[in-house]
């Protein structure tokens, strides 16, 4: 039996799941310190907790493209469509 191929949407979903798993792994990875018993603590220094600098998440979509490239493709498509239509009109008038 042949294997079923994954669709593009399924591949994108799997890629996003992998990225989420990596982020969760980073969050879980800090080592948990065992706290000593209350009687064993004789002196607790006044230490302010470190502020964790959160990484800026860039909201870059998988389907984001450079506008210049889109414009270039649209111009090329319009030019080829115009060329094809003009060729059809020339054939129509020649063969008439």
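Nothing in this text is a laboratory measurement; each read-out follows from the coordinates by a stated rule. Nothing here was measured: the structure is a model prediction, and the numbers come from that model. All Cβ positions, even for glycine, are placed from backbone atoms using ideal geometry, and neighbour counts span all protein chains on display.
Express in nm, to one decimal, how much length is gained between residue 90 and residue 68 on full extension, taking 0.36 nm for each residue of separation and deducting their alpha carbon distance.
On the way: separation 22, 0.36 × 22 = 7.92 nm, distance 3.29 nm.
My answer for the length gained is 4.6 nm.
Simple spin-label model, 7 Å along Cα-to-Cβ: residue 80 to residue 11 in nm?
A separation of 2.1 nm, rounded to one decimal place.
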